[in-house]
Amino acid sequence: MAKVLVLDDDRLSQKLVGKVFGNAGHETLAAFSAQHAWEKLHEHVLVDMVVLDNQLDQEWGWQFMRALRANPAYLGLPVVVYTAHTERDSIVRYLELGVQSMNLKPYQSDVLLVELGKAIQSNWSARVMEPPETVCERMNFSLQDYCSLLATANRTIAERQQVALARLTSPNNAQLFAALDGIEQQCRTVGIVIVDGVIEKIKKGVNEQDLHGALEGFKSVDSFLGMIRHRMLAVMKMGDSVARTPLSVARPGGDPAGAPEPSAPSFAASYGREIINRPLWHYGRHFAKAMRHPFVTPEELLETSRRMGGSAPFTTVAESVKLLQSIPTMSMDDAVAVARETRGFVPVYQFILDRVTGTDNHLDTAAALTRAAGQQGIARLLTLACVARVANSLPRDGLLNLRQLYAHSFSSTLNAFEIGRLLKLDNDFMLSVAGLTHDVGRWLFGLGEPGAYALALAVAEDDQVPIEKAEVALMGVDHHEAGRQLLSCMGQPDLMQKTALLHHDPGKVTEPEFLTTITVTHLAHQFAQAAVSGPGPQARDIIDRILAPDCPAWPLLKSRGVVLPLDVPELVDTLVEIANTSNWIAHQLLGNASSAAPSPAGANVPASVRAAN
């Protein structure tokens, strides 16, 4: 599969060329201006070919190509030019800049595919960055060793680039040249063969006080960082799990993710502030229990578990668990059929692919969906489809606003699956099952006992105590035990029950065969909490705990023979990116379900209150 950047300001032409390459199993990146094309190249530094329209809206194609060739990283990138004009001066310009071919419009599918074949055979990127096999042979490394080396180099080069840029106006600064030498050494080690000329260009610019020339050199270093990151994700086969650009999640009130929020003393507080958003009269009979302690007796909770375990959304969770468990024996056609039958899934799946991979996908036929699923795998397609099915089954008129809880659970599901892929575990599809069911105890409280749950969250925030302690005080058990009990009533296996019970503390797992699944779910849960929290002290505190020497997750995984593909700090960096992407995807699936079946205005509001309002 190749990747082609198509720079043409005509949308019909973009779609035509995208269809040609898509039908042949390749990916396209659509750009409508030179600036847009540079943004795409920043996201996808190792495209296989550029299809360039000569006459753009407000610029000429050769102007973009001249800038392209000025960057040493793209000197050999194959460019195929299409033009409606045959002026000699224009043709000469392109030939001097080194085009692969020039063609007259209109586009022809056979010509496009032949040119792509030539571009692939040229293997231009090998003249910029050595293939992984070459580096591994030179260093006597395994691919896993090389992957770890790439992760370390990515972090080190970025740090030294910041040091160099901060001292760029001080030509005699020893730290500046030491940082540049360090960048050169790191790039050369991971196989970037043209780094010497780039660093020489930066040093020349510094010595001659040519700031523009030096900054042009740093643009190439940016490209090298993109190549290293691209190579690292490709070696780990995780390129489709991390968004190419940051994806923001809209928060209540319209604030984007990352907007300043009031400080919260606990994770429960962030839930509490979001879900307690209705007047007290909404809770009705649930507050009739307020004179009892605990408010909910064990017998009542067991009855609630039996009753709710046989209705949506828990029946949909059970159906999705069966689907996920059948993945090893499921054909691609069956998986695609499940995806197409899931209400509203295909359009949002196309949107997710477009935003996360940065490529243009047209999933308007079963064959197109099959091609996309073939690239991502049956397990990933079914994981997303099952999350969408559960999201579709969520009640629209509950007493509490549980959106953040649902988003966290869905994000944990995707995280668990992606961690399984990253660690190359055989049962990544079962990790999706564990992620989908691990927090059902919270769902049971929020849907079955909303009054008591709202009070528990308020107590946890006001008294600054763990949510589990408040839950026990008000309902006799915490959500971990409630989840185990609910899954037992639903007939789910011991592994799922133990995951719900112990995912917060995998060190208490006594069954060795359950340890890997529960530990991965624990990590998925933690990373989802950090992503849902957004940038800030809560997220930093969670990540610091994962990185702490006494974090139990990493030794527990190693005790089960799991080989970490990277050192823990670099692995955590990658998982943070994966979790942020998973959080965004979870919100898209949840938002799609919400928009598909909005709550009726005034639902559950007594007529007398509506009249008074």
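The values are calculated or read from the model by the stated rules, or taken from the named source; none is laboratory data. Only a predicted model underlies this, so the values are computations on that prediction, with no experimental measurement involved. Note: ideal-geometry Cβ built from the backbone for every residue, glycine included; neighbour counts use all protein chains shown.
List of remarks:
- On inspection, Asp110 fails the criterion of being within 31 Å of the chain's Cα centre (by Cα) and free of Cβ contacts under 8 Å to residues at least 60 places away in the same chain.
- Here Val477 meets the list (1) modelled with pLDDT under 95; (2) in a helix (DSSP H, G or I) almost entirely, failing just condition (2).
- Residue list for the range 20-37, restricted to those being surrounded by fewer than 16 Cβ atoms within 10 Å (Cβ to Cβ) and either in a helix (DSSP H, G or I) or hydroxyl-bearing (Ser, Thr, Tyr) (or both): Asn23, Ser33, Gln35, His36
- Long-range neighbours under 8 Å by Cβ, at least six apart or interchain, first residue within 11 Å of Glu449 (Cβ to Cβ) within the range 301-313, second assigned to a helix (DSSP H, G or I) and at pLDDT below 90: Leu301/Met475
- Residue tally, condition of a type in the set (Lys, Arg), farther than 17 Å from Leu75 by Cα and surrounded by fewer than 18 Cβ atoms within 10 Å (Cβ to Cβ), over the range 204-239: 2
- Among residues of the range 381-401 that are charged (D, E, K, R) and modelled with pLDDT of 95 or more, those with a beta-carbon under 7 Å from a residue that is surrounded by fewer than 23 Cβ atoms within 10 Å (Cβ to Cβ) and part of a helix (DSSP H, G or I) at least six positions away or on a different chain give the pairs Arg389/Thr316.
- Yes/no for Ala84 being under 24 Å from Leu225 (Cβ atoms), small (Gly, Ala, Ser), out of contact with any strand residue (DSSP E or B) (no Cβ under 6 Å at 6 or more places or on another chain) and surrounded by fewer than 16 Cβ atoms within 10 Å (Cβ to Cβ): no
- The residues listed here are Val509, Val532, Val520; of these, the one that is in contact with a Gly (Cβ under 8 Å, 6 or more places away or on another chain) and farther than 18 Å from Val317 by Cα is Val520.
- Selection status of Arg244, at pLDDT 55 or above and farther than 30 Å from Ala2 by Cβ: no
- Checklist (1) more than 30 Å from the chain's Cα centre (by Cα); (2) of a type in the set (Asp, Glu); (3) under 19 Å from Leu7 (Cα atoms) applied to Glu96, failing item: (3)
- Residue match in the range 338-353 (condition: in contact (Cβ under 8 Å) with a residue 40 or more places away in the chain, more than 30 Å from Val45 (Cβ to Cβ) and among the polar types (S, T, N, Q)): yes
Yes/no matrix, rows are residues, columns are (1) of a type in the set (Lys, Arg); (2) at pLDDT below 90; (3) surrounded by fewer than 15 Cβ atoms within 10 Å (Cβ to Cβ); (4) assigned to a strand (DSSP E or B):
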site: Ile91; (1), (2), (3), (4): no, yes, no, no
site: Val111; (1), (2), (3), (4): no, no, no, no
site: Glu137; (1), (2), (3), (4): no, no, yes, no
site: Ala153; (1), (2), (3), (4): no, no, no, no
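- Of the residues making up the range 437-451, those that are of a type outside the set (Phe, Trp, Tyr) and either farther than 17 Å from Gln404 by Cα or part of a helix (DSSP H, G or I) (or both) are Thr437, Val440, Gly441, Arg442, Leu444, Gly446, Leu447, Gly448, Glu449, Pro450, Gly451.
- Close contacts from the range 229-246, counting a first residue that is at positive phi and a second that is of a type outside the set (Gly, Ala, Ser), with Cβ to Cβ under 9 Å and a gap of 6+ residues or different chains, come to Lys237/Arg421; Lys237/Leu422; Lys237/Lys424.
- Given (1) within 23 Å of the chain's Cα centre (by Cα); (2) among the hydrophobic types (A, V, I, L, M, F, W, C); (3) farther than 23 Å from Ala407 by Cβ; (4) assigned to a helix (DSSP H, G or I), index of the condition Leu564 fails: (4)
- With respect to (1) hydrophobic (A, V, I, L, M, F, W, C); (2) over 30 Å from Gly310 (Cβ atoms); (3) touching an Asp or Glu at 6+ places or on another chain (Cβ under 8 Å), the lone exception for Leu557 is condition (3).
- Residue in the range 67-84 that is at pLDDT 90 or above, touching a Leu at 6+ places or on another chain (Cβ under 8 Å) and part of a loop (DSSP other than H, G, I, E, B) present: yes
Okay, residues lined up against (1) surrounded by fewer than 23 Cβ atoms within 10 Å (Cβ to Cβ); (2) under 29 Å from the mean Cα position of the chain (by Cα); (3) of a type in the set (Ser, Thr, Tyr); (4) in a helix (DSSP H, G or I):
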{"position": "Lys424", "(1), (2), (3), (4)": "yes, yes, no, no"}
{"position": "Ser432", "(1), (2), (3), (4)": "no, yes, yes, yes"}
{"position": "Gly435", "(1), (2), (3), (4)": "no, yes, no, yes"}
{"position": "Tyr453", "(1), (2), (3), (4)": "no, no, yes, yes"}
{"position": "Ala456", "(1), (2), (3), (4)": "no, no, no, yes"}
{"position": "Asp462", "(1), (2), (3), (4)": "yes, no, no, yes"}
{"position": "Glu468", "(1), (2), (3), (4)": "yes, no, no, yes"}
{"position": "Glu471", "(1), (2), (3), (4)": "no, no, no, yes"}
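- Residue-level check: of (1) under 26 Å from Glu27 (Cβ atoms); (2) surrounded by fewer than 14 Cβ atoms within 10 Å (Cβ to Cβ); (3) not aromatic (Phe, Trp, Tyr), Ile194 misses just (2).
- Test: residue in the range 309-322 that is out of contact with any helix residue (DSSP H, G or I) (no Cβ under 7 Å at 6 or more places or on another chain), closer than 27 Å to Val20 by Cα and among the aliphatic types (A, V, I, L, M): no
- Number of residues in the range 494-534 that are outside any helix (DSSP H, G or I), of a type outside the set (A, V, I, L, M) and surrounded by fewer than 24 Cβ atoms within 10 Å (Cβ to Cβ) equals 5.
- Note on the range 45-61: among residues that are of a type outside the set (Val, Ile, Thr) and buried (at least 20 other Cβ atoms within 10 Å of the Cβ), the one that is nearest to Gln100 (Cα to Cα) is Met49.
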